[in-house]
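Report on the following structure.
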Amino acid sequence: MILYKWRDKFTNTNMKKTNLLGFSSSSTAKGNLTGFIPLNTRKANLMGFTLIELLVVISIIGILASFSVVSLNGARIKARDAKRKADMVQMRIALYLYYDDNLEYPKCGTWDDEEDDFGATADCYEGTLSSSLTERVKPYMADLPVDPKGTGIYIYRYVSNTNGSEFVLAYNIEESVEVQIIRGW
C-alpha cells in the first residue's frame, strides 16, 4: 500500500471531493493522483540536523557558558570578601574578651600612625596574637582565622600600641585597593 501526501503548491480545480488516499469521486478525476507525492520517496537526510546547525547551536551554548563563568567569578570575590569581614568581626570579639580578662590587648609590633595599617604585621598576627588567643587554658578562639586566599597582600595583620590599650587588625579585600582596618581601644 502506498501512502500519499497532498502537495500544497498544487491545486486541482477539477477535483471536487477526495478521500484520504486522494481519489476523487468525480468521473473526470477518478484514479488521478496529480498533486500528491508518495511519503516513502522522501530523502533520509531530512530527518536530522545539518553540521552547520549543530555548530551554531554549540557555539551559542559556549558563549552563554562563558558569560556564566564570568558572573560566577564576581560572586566568588564577594564571598571571599564577606568571609574576611566576618573573620575580623570574630577577631574583634575575641580581643575584647581578652581585654576584659587581662585589662590590655596582646602587645606586639610597632604602632605607626603614619601608615595606612598602623604598622600591623603578619608576624604579630600569627605569633603573639595566635598564642594569646588560642594557646591558653581558657582559649578565646579554637583557631585563628586565615584569609581565604592567604597569598600576597591577602593576609591578616595585627599591631597594638606599647601599653596594650589599642589594637588594629588590618586586611585587604578584593573589591577595593585600600587597606581595611578594625581599630579597638
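Since every read-out is calculated from the coordinates, none of them should be taken as a lab result. For clarity, every value in this text was computed on a predicted model and none was experimentally measured. Cβ placement follows ideal geometry from the backbone for every residue including glycine, while neighbour counts extend to all protein chains displayed.
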Net length gained if the chain between A122 and I63 were fully extended (0.36 nm per residue, minus Cα distance): 17.0 nm
Ranked by how many other beta carbons lie within 10 Å on average, peptides 124-133, 92-101 from highest: 124-133, 92-101
Sort 53-66, 110-123 by packing, meaning the average of other beta carbons within 10 Å per residue, with the highest value first. 110-123, 53-66
Could you check the simple spin-label distance between Y96 and S176, using points 7 Å along Cα→Cβ, in nm with one decimal? 2.0
Using alpha-carbon pairs under 8 Å, 6+ residues apart, how would you state the relative contact order of the stretch 82-184 in percent? 30
Tell me, what ³J(HN,Hα) does each residue in the stretch 133-140 have, in order and in whole Hz, if you take phi through Karplus 6.51 cos²θ - 1.76 cosθ + 1.60 with θ = phi - 60° and put x for Gly and Pro? 9, 10, 9, 9, 5, 10, x, 8
Length gained if L51 through N73 is fully extended, taking 0.36 nm per residue and subtracting the Cα-Cα distance, is 4.6 nm
So the FRET efficiency between D113 and K138, C-beta based with R0 = 41 Å and rounded to 0.05, is 0.80
Peptides 147-160, 67-80 ordered by average Cβ neighbours within 10 Å, highest first: 147-160, 67-80
